[in-house]
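What follows is a single structure, written as structure tokens, with notes after it.
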Amino acid sequence: MKIFFILLFLTLNYGVINAQLEMRSNPYIKGRIIMKDKSVKDGLIQFNSSAFRVRFREDKEQKDKEKIDYKSIEKIVLTSKYSDERVFFYKKTDANKFLKFVELIHQSSKYDVYVNSSNDLSLFYKDVDRSNVNDFLSLGSGIINQPYRSVSQIKDYLKQVKNPKYLLDTKNLDEIQFIHSNRRLRKDAKKFFKGCPELLRKIDDKELKTDDIIEIVELYNSCNENDEN
């Protein structure tokens, strides 16, 4: 019986330690929050466990963090040293009634393009080094099934947005449209890009896929401009 409790303790203790090692820090990033009432909060922004738990500080010296209801936010603009200005929204989509956290990645005359992730923190923090102890313990070819062989691989892996999905804002609907897969893109191409036979051919022949969505939108814009001329 004594051995049983010792083993149980060790198992639980290992689980707690492993969970702690898996936890990634969510740092504050410089930016501004534009509220729906048009007021602006300029300072440092943090997501606490998800994009729907927003925390704000005016500066590093401020001890108490302000909790902000995402429903009152018009958009979030990051102005960090890591990249160019990035803009995020909580948008209604054709997926379901719940708002999705999305980043605006391309604007054009016809369609705007957004990206969403199954892990919104990987989207928001993709330019930030959030590597932890567990990652570095995985280094070295001598460890079975270890995922990394160098520090640079760790950094590159963490910069990847997990399961990115692209969306189109057609600007004539209340919700933005998910392009869930290459199959869905081919299925809906005639609806979104009608009047551009060469573009439709490239999509149908799989020359252009979901990851090429910005190129697709630009080709569609060019097609429409030529028609107008």
Check your understanding: With every protein chain present, what is the per residue accessible area of the range 58-104 (1.4 Å probe, Å²)?
Key -> 67
**Study point:** Sparse-neighbourhood loop sites, trypsin sites (Lys or Arg not before Pro) in the range 38-116 - DSSP loop, at most 15 other Cβ within 10 angstrom
**Key:** Lys38, Arg53, Lys60, Lys63, Lys65, Lys81, Lys92, Lys97
Review point. Asp129 versus Leu173, label points 7 Å from Cα toward the beta carbon: distance in nm?
Key: 4.2
Exercise for review: Using a 1.4 Å probe over the heavy atoms of the protein chains, calculate the carbon and sulfur portion of the accessible area of the range 155-229 as a whole percent.
Suggested key: 42
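The values are calculated or read from the model by the stated rules, or taken from the named source; none is laboratory data. The model shown is predicted, which means the values in this text are computed figures rather than measured ones. Heads up, the Cβs are rebuilt from the backbone with ideal geometry, glycines too, and the neighbour counts pull from every protein chain shown. Each accessible area value is taken on the protein alone, full model and side chains, heavy atoms only, with ligands, DNA and RNA left out. Shrake-Rupley method; radii C 1.70, N 1.55, O 1.52, S 1.80 Å.
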